[in-house]
Amino acid sequence: MSKKPDRRLIFSVVLIFLAIPLTIAFGMSVLHDRRYYFVSVAILIYTMLPFLLSFEHRRPKAREVILICSLSAISVIGRAAFFMIPEFKPVAAIVIIAGICLGPESGFLVGALSGFVSNFFFGQGAWTPWQMFSFGIIGFLAGFLHQRGILNENRAVLCVFGGLSTFVIYGGLMNLSSALTVSPGFGQDVFWATFLAGIPFDLVHAASTVIFLLFIAKPMTERLIRIRVKYGLMEDKDSSAQ
Amino acid sequence: MEQLKISGLNFTYPGRDGKDLSDISLTVQKGDFILLFGRSGCGKSTFLKQLKPAIAPYGRRSGRIEYDGTEITELSERDQSSKIGFVSQNPENQIVTDKVWHELAFGLESLGYDNRTIRLRVAEMASFFGIQDWFLKPVNELSGGQRQILNLASVMVMQPEVLLLDEPTSQLDPIAVSGFLAMLRRINEELGVTILLSEHHLEEVLPICSRVLFMEGGRLLLDVTPRELGSCMKRLKSEMTEALPACVKIYAAFSEGETPITVREAKQWLSTQISPAPKSPASPEDKPLFPRRNVQEPAVRLEEIWYRYEKKAEDIVKGVSMEIPQGCLYGIVGGNGVGKSTLLSVIGGVNQPYRGKVKLMGVALPKIPNGERYRGLIGYLPQDPCSLFVRNTVGRDLEDMAYAAFSDRQTAQKRMERVIDFFHLKPLLGRHPYDLSGGEQQCAALAKVLLTDPRIILLDEPTKGIDAVFKKRLSKLFYTLKEQGKTVILVSHDIDFCAHYMDFCALMFNGEIISENETRKFFMGNSFYTTAANRIARGIFPGGLTSEDVIEQCRKNRIGG
Amino acid sequence: MTTENNGRDAFSAYHPVTLFLYFCTVLFFSMFFLHPVLLAISLASVFLYSVLLSGRKAVRFNLLWMLPVTLLIALVNPLLNHSGATILLYVNDNPITLESTVFGLLSAAAFVSVVIGFSCFNVVMTSDKLMYLFGRMIPVLSLMFSMTLRLVPRYKAQIRKISEAQKCIGCDVSQGGIFQRIRNGVHIVSILITWALENAVETADSMKARGFGLKGRTTFSIYSWKRRDKTLLAVQLALLAVVFAGMGMGAFETACFPFVRIAGLSGKSVAFFAAYALFCLLPAIVDGKEYFVWNSLKSAG
């Protein structure tokens, strides 16, 4: 068992001291006006890797796996159900509830998987890693804050967190990505114009998260807790009878 | 050779007093094909799952289960996974991945085989099961029957020595059932795999199995050959005698000993008992006809109904016209995908026909406001009762519905009490709807539908996955509803059920109603699509539709003494 | 998905690794390199490939949606970004610079190449292929990808069933006041969630029954390396080596600010661009070859 954390440590060290500086160096020296875009995409992917790999290495249980998949599929369906209203989607709400009920790691995975799979239906694009990361981090944060006792099942707190995280994290990151595709760097008017142009959409998205949380947080948490209790999910007694 | 040796097996679920399995001892030989038979909830599933520790439920277990001489829990996880295969009831739930090929490979991936080996084994199995045509397809394009065959195949690729099947055909239509069972027979005969199967379709399993176990209340009551089953069950006086196939029932009513187990054998036996020209063949006309209440408006009147799901899709319902009188039990039978369920949903107003008229109680359906339509006129029970439950307990679910339907709290309370009494739901009120058995779920859902006291009750496959005893109970409920003047319309694959209890039947084929008549006349007119009893008695007693009919006819002709 | 493979494309039948390498390269260079020649090559070849894949539909999509977006990006930059040394003219006292005009044009071309490139990606890289690619590196996650893909259509069908059932007991989203409708909608969602989670447990059992969680799980694939795949990969790698050498030697250097510097064309750099063009046109070359082979077979027969 002592081998595992070592490997993870080595991985992070390599990432922080080798991969990231190299990426930045490459971007700066070769890419000129595209350096910010390149570096941010690369760092996004580097940040997701440890989450994904550590999950992969601990060989998750069948019930854990299927639960994460079910929640992701539900959020994909939710996104499809409201596709006619732009940016009105329940993904963030479901991801937040997953984070709270199942912990930060599962929250991250539900977010990232929802992002990836829903784009499989709506079309992959340069936005895929950004979306995976944004939803993932929202789920992670929800789980993390819940563990710290800051975020509870109180609906008001939940809605505030949902609205803010959707607006700031998801909105911020997605606008950053589109701003970086059309402008050479930070700070110019083009950058800000593109960035700000996204805000009305972000407001709709944040509002949709609040609305969904308001309505489905309670029934959904109830159901997740029932499943956890009834089948002893996410606990170690999963393996054998007796 | 002994493959499984079970001695003194007891099992109790956590938090329960009585034993859920008590003192089961059994030896299974290599190559046995064993049918496990009993009411739902008698412990069949619990027992089967004990033989596969990876999925055994939590609880207290005592006694020994030996697999090839080793205690089963001491087998390595690897051996357990590959040597003992398990197929359960719901074909959808067992499928894990999105493509057929991937599903087939899933088990072998878990066992860590290399690509070459998996390729070979998957190809072998796909050929054995004849699934090469849909090998690359996504699983959601398969039919229910194909899905269950896929589940079976993806267990078989792991080359198990024992195959455990827990009511694998209860969710399938009759044709798919035969296909599935034929496949099991091949697996048993050609590959020598030991099979333990729990099943309600005795008629088709008896001829292919080698032993029958009968369970009741967690006990193993019988361990006999298929031919001995009839007389043994008769001696036990169990209520499950009801579930025996017609050929067994008819024979066992007169003779002891080994019964015929196929229609052919029963027919041969019957013709040796009786001279070709029976004394008084009861023609259908002799039977009293069900009173047709022509004075009233028909409950349902369809005028040239056409329906399709999408503009460019094919027509599902093609110009159906029919009249269903008030206060009768009406069954619509037919194969899979002929449009029965769709027709029912059109009658229920869920889907609107693009041509033609639906009239309920003489009023055109679109003219009935939604508020009235589902508040006292139509009650519709969909195929999957689970799609109705909203709340955590049966009681709260009913309350919710009652308060939504009646603004007056007292009326709501009263209505609820009546429904709860009618369906004997008292003991279930505190349970979660998903923790109930299939039959109980059906009742709870039906109770919810009947809360609004509808005059027309539409039921989609109400007998799916329900055992014989529960079916009988359901039929009594239907009779009571009929006495109250309600109209019950059901769509079903279950020919026997319709033949026994419906007043009228209609055959649907390819989007059209092909024939329609009073039940007896209806089935007399069919030569293949009819009950087993009728097929046995055909040419001997023309009037025999149910096994009870045939037995009565035989009595009249003094067979067996 | 906007487009579908209509069966004319032979390139997409090659081994997933070669396909993935193709898309990664083309998308990488279109996203991050603004050299006009490079962009022209990328844009022309992804456009050609999208037509090969989806025929007239692709042309319509590309012109209808891509043209306005291109114009927008190309216009927004000079109008809003005034950095750059060379002033072309003034609009409302605001300088329009050459640098930012060039950048606008180039980033618009890049954007369009990426979008069209992804539209081809979505057709060619089916779930099976993605699963194969990721299955080696992250087997559990790629299995989860497959499982989620399986659940989505299943849940879709179930939602339909649930809303029909709810409609029949008078709890439909199309009935009642707005509050009642939301309540009914939430009911439908919670029924779906309950149903999904309860059924998930049985799926988990089915996974466990088939040995999920044992040590040393492998990943099966229906793809195998044929000789033609290996040949293609070798060609790809050789071309890529040339392209990367060019990148190392600065042949693709482009910077717009503070003033436009674009690496010029020389004998050497023409070779690099040719290598890149050849790489980008591989699908067209493969498809063309296939077309001639079939035609000659037909005429021979």
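The values are calculated or read from the model by the stated rules, or taken from the named source; none is laboratory data. Owing to the predicted nature of the structure, the values given are computational and were not obtained by experimental measurement. With ideal geometry, Cβ positions are generated from the backbone for all residues, glycine too; neighbour counts draw on all protein chains shown. The area values use the complete protein model at the heavy-atom level, side chains included, leaving out ligands, DNA and RNA. Shrake-Rupley method; radii C 1.70, N 1.55, O 1.52, S 1.80 Å.
Observations
- Under DSSP loop assignment and at most 15 Cβ neighbours within 10 Å, longest trypsin sites (Lys or Arg not before Pro)-free interval of chain C: C:9-214
- Sparse-neighbourhood loop sites, trypsin sites (Lys or Arg not before Pro) in the range B:310-403 - DSSP loop, at most 12 other Cβ within 10 angstrom: B:LYS311, B:LYS312
- Solvent-accessible area buried by pairing C with A, both sides, nearest 100 square angstrom, 1.4 angstrom probe: 5600
- Take every DSSP beta bridge whose two residues both sit in the protein assembly as shown; close to 55 percent of them are antiparallel.
- Trypsin sites (Lys or Arg not before Pro) lying in DSSP loop within the range B:471-561, provided at most 14 other Cβ fall within 10 Å: B:ARG558
- Under-5 Å amide H pairs with B:GLY543, H placed in peptide plane, nonlocal only: B:ALA282
- Relative contact order for chain A: 20 percent, from Cα pairs under 8 Å spaced at least 6 residues apart, divided by residue count.
- Residue by residue along C:108-116, Cβ atoms of other protein chains within 10 Å of the local Cβ number 2 on average.
- Under the criterion of Cα pairs below 8 Å and six or more residues apart, the relative contact order for chain B equals 14 percent.
- Packing-based order for B:404-411, C:32-39, using average beta carbon neighbours within 10 Å, highest first: C:32-39, B:404-411
- Between 0 and 90°, nearest 10: helix B:174-191 axis offset from chain B longest Cα axis: 10
- The residue among C:VAL26, C:LEU89, B:GLY525 whose Cα reaches farthest toward the positive pole of the charge dipole of the protein assembly as shown, with charges on the beta-carbon of Lys, Arg, Asp and Glu, is B:GLY525.
- Legend: mean number of C-beta atoms from other chains within 10 angstrom of residue C-beta atoms, peptide C:134-142, equals 4.
- Summarising the label geometry, the points placed 7 Å from Cα in the beta-carbon direction at A:ASN152 and C:ALA241 lie 6.6 nm from one another.
- Legend: calculated FRET efficiency, B:ARG396 to A:ILE85, from the Cβ-Cβ distance at R0 = 30 Å, rounded to 0.05, equals 0.40.
- Cβ charges +1 (Lys, Arg) and -1 (Asp, Glu), total dipole of the range B:2-224, debye: 280
- Per-residue 3J(HN,Hα) values for the range A:32-44, derived from phi via the Karplus relation 6.51 cos²θ - 1.76 cosθ + 1.60 with θ = phi - 60°, read 6, 5, 9, 5, 5, 4, 4, 4, 5, 4, 4, 5, 3 Hz in sequence order (x marks Gly and Pro).
- The alpha-carbon of B:LYS448 sits under 24 angstrom from the alpha-carbons of these lysines, leaving out residues fewer than 8 places away in its chain: A:LYS218, B:LYS340, B:LYS414, B:LYS426, B:LYS464, B:LYS471, B:LYS472, B:LYS476, B:LYS482, B:LYS486, C:LYS161, C:LYS167.
- Think of each Lys and Arg Cβ as +1 and each Asp and Glu Cβ as -1; about the Cα centre, that makes the dipole of chain C roughly 1020 debye.
- For the range B:409-417, putting each phi into the Karplus relation 6.51 cos²θ - 1.76 cosθ + 1.60 with θ = phi - 60° gives couplings of 4, 5, 4, 4, 4, 4, 4, 4, 4 Hz, in residue order, rounded to whole numbers and with x for Gly and Pro.
- A straight line joining the Cα centroids of the range B:167-232 and the range C:42-82 runs 63 Å.
- Top positive-direction residue, dipole computed over the range B:19-82 with Cβ charges, set B:PRO57, B:GLY31, B:SER76: B:PRO57
- Filtered chymotrypsin sites (Phe, Trp or Tyr not before Pro), the range C:206-263: DSSP coil and at most 11 other beta carbons within 10 Å: C:TRP225
- Accessible surface of chain A [probe 1.4 Å, protein heavy atoms]: carbon and sulfur percent: 71
- Taking every residue in B:388-400 and counting other chain Cβ atoms within 10 Å of its Cβ, the average works out to 3.
- Annotation: amide H of B:SER25 within the under-5 Å range of B:GLY8, B:LEU9, sequence separation 5 or more or interchain, hydrogens built in the peptide plane.
- Of C:SER113, B:LEU111, B:VAL193, farthest towards positive along the dipole that unit charges on Lys, Arg, Asp, Glu beta carbons give the protein assembly as shown: C:SER113
- Longest site-free stretch - chain A; sites: trypsin sites (Lys or Arg not before Pro), DSSP loop, at most 13 other Cβ within 10 Å: A:149-242
- Computed Rg/Rh of the range B:338-431, alpha carbon atoms with Kirkwood Rh: 1.03
- When +1 charges are put on Lys and Arg Cβ atoms and -1 charges on Asp and Glu Cβ atoms, the dipole computed for the protein assembly as shown relative to its Cα centre reaches about 240 debye.
- In this rough spin-label picture, where each label sits 7 Å from Cα along the Cβ direction, the B:LYS426-B:TYR479 distance is 2.3 nm.
- Judged by the gyration tensor of its Cα atoms, with axes a ≥ b ≥ c, chain C is oblate; a/c meets the 1.5 cut and b/c is at least as large as a/b.
- Helix C:36-54 and the long axis of chain C differ in direction by around 40°, with both axes built from C-alpha atoms.
- Helix-only [θ]222 nm of the protein assembly as shown, DSSP H runs n ≥ 4, -39500 (n - 2.57) each, per residue, nearest 500: -17000 deg cm²/dmol
- With a simple spin-label model that places each label point 7 Å from the Cα along the Cα-to-Cβ direction, the separation between C:LEU233 and B:LEU75 comes to 3.9 nm.
- GNM flexibility winner over chain A from A:GLY171, A:GLY149, A:GLY111 (Cα, springs under 10 Å): A:GLY149
- Taken one residue at a time, the phi angles of the range B:69-75 give Karplus couplings (6.51, -1.76, 1.60, θ = phi - 60°) of x, 9, 4, 5, 6, 8, 4 Hz. Gly and Pro are set to x.
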